[in-house]
Amino acid sequence: MTTGHRGPITAELNDEDLIRELTHLYDTRMDALRHAPLQAFQEHTVRTAELETEYLRRRPAREIDPNRSRDGARARD
């Protein structure tokens, strides 16, 4: 696996590693927001976007929870 300055190359990650990388970023997001220098937070944001984009590219027909849509939220109100 090749690595870049932000970690493993996103397109080269297998599905398990992609989920692991995303989970780690989500686990560290609040700490990055609250305590990281601006440049580090911006890198965190870019890496998160890269991984999320790759996840969505691989799963265009992923299961969508209707309660997560605008109409579903309005129906709960």
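Values for this structure:
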read-out	value
Filtered residues of the stretch 55-77 (kept if free of Cβ contacts under 8 Å to residues at least 12 places away in the same chain, of a type outside the set (D, E, K, R) and either part of a helix (DSSP H, G or I) or loosely packed, with under 10 Cβ neighbours inside 10 Å (or both))	LEU56, PRO60, ALA61, ILE64, PRO66, ASN67, GLY72, ALA73, ALA75
Meets criteria (among the polar types (S, T, N, Q) and modelled with pLDDT of 95 or more) for ASN67	no
Count of residues meeting criterion [part of a helix (DSSP H, G or I) and open to solvent by 40 Å² or more (accessible area, probe 1.4 Å)] in the stretch 29-54	18
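The values are calculated or read from the model by the stated rules, or taken from the named source; none is laboratory data. Please read all numbers here as calculations on a predicted model, not as lab measurements. Because the Cβ atoms are built from the backbone with ideal geometry, glycine has one as well, and the counts that use them run over all protein chains shown. Ligands, DNA and RNA are stripped out before the accessible areas are found, and what is left, the full protein with its side chains, is counted by its heavy atoms. Shrake-Rupley method; radii C 1.70, N 1.55, O 1.52, S 1.80 Å.
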